[in-house]
Amino acid sequence: MKKTFIMLLVLSALMGCKQSNKEINYNVDKFYDLEVLRYDVPDFDQLTLQQQSLVYYLTEAALWGRDILYDQNCRYNLAIRRTLESIYCNYPDKQNPQFALLEKYLKRVWFSNGIHHHYSEDKFLPEFTREWFAEAIKSISAADLDIILGSRAGEGADKVFAELTEVMFDPAVLAKKTNQAAGVDLLLTSANNYYGGGLTQAEAEAWYQAHKDDSAEPLWIGLNSKLVKNADGSIEERVFKVGGLYGEALEKVVYWLQKAREVAENDQQRLVIDKLIDYNLTGDLKTFNEYCIAWVRDLDSRVDFVNGFTEVYGDPLGITGAWEAMVNFKNLEATKRTTILAENAQWFEDNSPTDKQFKKENVKGVSAKVINAAILGGDCYPSTPIGINLPNANWIRKEYGSKSVTIQNITDAYDKAAEGNGFNEEFVLSKTEIEMIRQYGSLDDNCHTDLHECLGHGSGKLLDGVTKDNLKEHGSTIEEARADLFGLYYIADPKLVELGILPNKDAYKAEYYRQMMNGAMTQLVRVEEGKDLEEAHMRNRQLIANWVLDHVNPANPEVEIIEVSKPVGNPKHDVPCETKHYMRVNDYEGLRVLYGQLLAIIQRITSTGDYEAAKEIVERYAVKVNPELHREMRARYQKLNLAPYKGFVNPVYEVKTDNDGHLSQVSLNLTEGYTEQHLRYSRFYSPLPTWND
Ligand code: ZN
């Protein structure tokens, strides 16, 4: 629930402020609407050998869970990935044009951890033909075939591959990964694998209701399990743990966590790892709560990590966690900035434009730091958030606080990759705004992420009796809007200049301009024509921008979308003009007032659990797109030939051991390619059976 994704479209050509490492190739691969980048891991060599060893063991634990997410995303994903990989490695005629199309499709499958677009959630189709595929299957090696058929070997290869072919090629089959559309059974219409045996939404909701924990320190029932309806109609909860569902992968995770605990930096961190090991072994949710609390309290360690079933966006009911992992260590210089914000958390809470009854009297333990990611895994790979705020359990956040991180080296990699790509020149109104973005865009972006993560999500309180579930399917959108608005309201506050975070009182304007442009206009390039917005962060950004545009002073609008007629081609000659739309901000301070008003509304909806109001505002502003604007944005964007979605390859950690088996050296290799990496992961880190039900 608490992730920030970068607005990667609006990253500008940033200059001057970052050191460039000429040896690193940041742009790795590009296909369809996707681009694969590389991130550097600065300061890794400044860690002690013990810290480097810890990072290494934790990265291994992160890589071993990769298969889990594939299976969670759709029960056919592992079978399809393995089939494609075997054909890719064994098919004799690599010059065949059909083979090139298979390669493209496979790259896409790797990027999405399955056959559905990682962002739109729609199934994408192969471009190679069924006929060629039927032929190509014959090149699969005998050993691979055994693994692919697995527990279904008895049914025969023909039947299994016929089924896979339908799943891959028929657009109507398993069309949507996570369905959020109103009025239909969300479980039966979602292609993902969080529920099984034809369990209906009503049955699942009844089960959760019956098993709900209403205690003061509730267990997050369903976080780490799959509900399956058995043939006799009974509902079984299959828990993710060693010896349970996904046990083959979790066993490996535990093995590497055990290595990691031996080189923990301190007792608190060792406690965190021990609790996580215990939780993976037992599946016990009380242990998970203890782990979360220990994790929130582990503030002194340089190295930190996430590893497990965490964010619940994938489950149509928002209960079960998708497996994810990230290993990171503190960026000491940049952390100074977030520490200042955290130290002033109460001031921000007290001065926010929300109603007093919805404010926290005591903002507890808002810790914030800037990190460098050392590895991305599961739901954080290849596409990754740029900020994380955990844990998700509200009562832990209230009692013990939360940890919030901004991932600096990922943001830097986006900036590097976006340098001079022509985006701002096309979409930003004038040179004034472009220059503003060039000068302050990167700083503003980091600053807004810090505010969103360390203060925004942690701000405000729910009234007694209200839980995060009250807003149901609109909860994520409202929560992200709340955090974004908190950041937008405060980035313009003189307090930030006073605290030394922003250099002057105008620096925030780049962020305001880009948020409005992105929310109302440019983010639409990522959505297929004819489609509405689905993803919570995109919905939240459009909600904010469109609400603002709907509430400007009509006589003297603070911000507006204007039409500009521009000549096509060289303006010196007599050429036809075309009309383009641009965002224009006329009154930045007035815009801040509007952001503040909306923040107060969104906070009230959250605090009172007002489902009807959430539904009203989301449906009115966040979901439907303006078709003409949409078409125009797509057309202009397409001319730039850019990929709207980015993901990453991981670094490779190379180790040497001494005679006692201890690591004597851990070094970083930043050269592995995209295909190489995925084939290696599939070869070495693929413990799950193909069929897990
Ligand atoms: Zn967020």
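A few points about this structure:
- At 1.567 mPa s and 4 °C, Stokes diffusion of the chain via Kirkwood alpha-carbon radius, µm² per second: 50 µm²/s
- The stretch 157-295, accessible surface, carbon-and-sulfur percent (1.4 angstrom probe): 53 percent
- Among THR671, THR200, the order of accessible area from largest down is THR671, THR200, computed with a 1.4 Å probe on protein heavy atoms.
- Within a straight-line Cα-Cα reach of under 12 Å, LYS639 can be paired with the following aspartates and glutamates, leaving aside sequence neighbours fewer than 8 residues apart in one chain: GLU426.
- Phi to ³J(HN,Hα) by Karplus 6.51 cos²θ - 1.76 cosθ + 1.60 over the stretch 88-97, Hz, x for Gly, Pro: 4, 7, 10, 5, x, 9, 6, 8, 4, x
- Cα-Cα over 30 Å, subset of LYS241/LYS468; LYS336/LYS615; LYS226/LYS472; LYS336/LYS360; LYS398/LYS505; LYS403/LYS495: LYS336/LYS615; LYS398/LYS505
- Nearest-10 value in Å² for the accessible area of THR608, using the 1.4 Å probe: 50 Å²
- Legend: residues GLU349, GLU131, GLU121, sorted from most to least accessible area (1.4 Å probe; ligands, DNA and RNA excluded), read GLU131, GLU121, GLU349.
- Of all lysines in the structure, those lying under 22 Å Cα to Cα from LYS656, and not within fewer than 8 positions of it along the same chain, are LYS252, LYS259.
- Accessible-area value, LEU549, 1.4 Å probe, nucleic acids and ligands omitted, Å²: 40 Å²
- Cα pair distances of the stretch 545-655 binned at 5 Å [whole percent]: 2, 8, 12, 14, 14, 14, 12, 9, 6, 4, 3, 1, 0, 0
- Protection-proxy order for peptides 534-545, 140-151, each taking the mean of Cβ atoms within 10 Å per residue, highest first: 534-545, 140-151
- In Å, descending, principal axis extents of the Cα set of the stretch 67-204: 49, 32, 25
- When only Cα pairs below 8 angstrom with a gap of at least 6 residues are kept, the stretch 226-337 shows a relative contact order of 16 percent.
- Averaging Cα coordinates gives a centre for the stretch 404-483 and one for the stretch 505-576; these two points are 16 Å apart.
- Full extension of the chain between LYS624 and ARG130 yields a length gain of 174.3 nm, computed as 0.36 nm times the residue separation minus the alpha carbon distance.
- Sites matching GluC sites (Glu not before Pro) across the stretch 20-60 that sit in DSSP coil, with at most 15 neighbouring C-beta atoms within 10 Å: GLU23
- Distance between modelled label sites at LYS138 and GLN665, nm, 7 Å Cα→Cβ extension: 5.0 nm
The values are calculated or read from the model by the stated rules, or taken from the named source; none is laboratory data. As the structure is a computational prediction, the values presented were derived from the model and not from experiment. All Cβ positions, even for glycine, are placed from backbone atoms using ideal geometry, and neighbour counts span all protein chains on display. Surface accessibility is based on the protein's heavy atoms, side chains included, excluding ligands, DNA and RNA. Shrake-Rupley method; radii C 1.70, N 1.55, O 1.52, S 1.80 Å.
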